1. Along Cα→Cβ at 7 Å, what distances in nm separate the residue A:93 label point from those on the other copies, shortest first?
2. In whole Å, what is the distance between the alpha-carbon centres of the range A:141-164 and the range B:121-157?
3. Using a simple spin-label model with points 7 Å from Cα along the Cα→Cβ vector, what separation in nm is obtained for residue A:196 and residue B:33?
4. Points 7 angstrom from Cα along the Cβ direction at residue B:215 and residue B:164: gap in nanometres?
5. Pick from A:94, A:135, A:108: which is most flexible by mean-square fluctuation in a GNM of chain A where alpha carbon atoms under 10 Å apart are linked?
6. Given H placed 1.01 Å from N in the peptide plane, which residues other than close sequence neighbours of residue A:174 have an amide H under 5 Å from its amide H?
7. Over all directions, how big on average is the projection of the convex hull of the alpha-carbon atoms in the protein assembly as shown, in square nanometres?
8. So the label point sits 7 Å from Cα along the Cα-to-Cβ vector; using that for residue A:164, what distances do you get to the other copies, in nanometres, sorted shortest first?
Protein chains: 2
Amino acid sequence: MQTTRAKKSAVRGLRVDPYLQNLLKNIEDGKTVLKFSKNGTVFSQGEAADSIYFVQTGKVKITVVSAAGKEAVLSMLGPRSSIGEGCLVGQTLRIGTATAIQPSTLFRIERRTMLRALHAQPELSEKFTASLLSRNIDLEEDLCDQLFNHSEKRLARVLLKLACFGQAENMPEARMPRVSHETLAEMVGTTRSRVSHFMNKFRSLGLIDYNGEITVRSELLTDVVLHD
Amino acid sequence: MQTTRAKKSAVRGLRVDPYLQNLLKNIEDGKTVLKFSKNGTVFSQGEAADSIYFVQTGKVKITVVSAAGKEAVLSMLGPRSSIGEGCLVGQTLRIGTATAIQPSTLFRIERRTMLRALHAQPELSEKFTASLLSRNIDLEEDLCDQLFNHSEKRLARVLLKLACFGQAENMPEARMPRVSHETLAEMVGTTRSRVSHFMNKFRSLGLIDYNGEITVRSELLTDVVLHD
DNA sequence: CACTAACTGTGCACTTTTGCACATTTGACT
DNA sequence: AGTCAAATGTGCAAAAGTGCACAGTTAGTG
């Protein structure tokens, strides 16, 4: 069992994915490599949107501030994800703010350059389409989650997602990137006090561990998401 | 003013969009044209997902039923929208149910056929990418709406969307497709009684009219979405 | 080591939402 | 017209969520 799984991922590791290589190889003008430190701002809500970004290393979150001043985390993105793709279909202003939550490296590609590249490189285009489809599915899941579940379940789901996020294998116990209750609240769509309350509940039930670093017992938390 | 606008849309009308034509022209095997009557089921949640659909005429809604038996409307789709695209990136089962809410005509294209076509026809691929990007933006908006707004505002927004849906020009007063309070509730993410309550409130405030058919006064309802 | 500043635990009044129940209206059909 | 089923209007107790306040804890930082 253990062996089978190891073999599988070894095989998967062998398959060279040409995604970023393509970008690197064939685009010359209108492409920049940018480095951001933790909390570095890639772009801000309301700015002109004239380029698309691709995460190469690190993690980036997309946040939105409502008219009323509430803040929400729309998504957390890791390597290969695109950011700010809206500009490719006429979105002239950024609808959200992109912030690195770890030291990160991104490609920045001019809108027109990207459109040309998509036109010229079928392989790139195909990869990009696939990533859009995946994002779509994620967004639909998030929407269902909001529509169906109360905040306790939603928090459990967010914790699970964060635990898997960037984890090579699905560990039964996965350490999470450090995230404040405040941020969790913005991801879940609730208040900090509520998050605090449920985090303690989860801890006392043995579903998570934390003193500083948070550790998630996936199988147990999964039950919370699925049942009752 | 009136003249300018008329000219504009006349010009727009002239530009032939090659989207569906491409599909028609170059795909031969693995493509079917299907007609659905009102309430006809295109596919059901849980079925095997081996094809993608494109709305040619009519309207289709995507609904999801939760483990707890709650039902939600994920989206309403009109001409040119794709349905069930998830199958292109490894989604083997339908995550939702697609139902025609009007007599509708759809293309059905086998998964493999579509993948081949995307590979072979850059122009098709480009159009498809653009539609995915737009859907993405819509989904993000919906998610923000859920995260930020209470059900009253969300209902107002749904009404506005429905009023624009399929309307050639943005009329100040737009008639909506006939939708029950029950369905509105599933779109907004709340209960029927709540919808009923707010609909009456909106009516008594003069924001909408209805006795059977629903008419929306867009400028007024827009205020509800934006303020207070 | 002391001193901020940020983060966390907790309680509470108030609002929104849910889930029902039941009366009333509408529309389609015979 | 009469009948039935579906859709709508309304009320209400119980549940969930919000917004704050304040105390306790932790992590820097000089």
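1. 4.3
2. Centre-to-centre distance over Cα atoms comes out at 20 Å.
3. 6.4
4. Result for the modelled spin labels: 2.2 nm.
5. A:135
6. For residue A:174, whose amide H was placed from the backbone, the distant partners under 5 Å are A:216, A:218.
7. On the way: hull surface 97.7 nm².
Hull-based average projected area comes out at 24.4 nm².
8. 3.3
Every read-out reported here was derived from the displayed coordinates using simple, explicitly stated rules and does not represent laboratory data. Computed from a prediction, not measured in an experiment: that's the story for all the values here. Backbone-built Cβ (ideal geometry, glycine too); neighbour counts: all protein chains shown.
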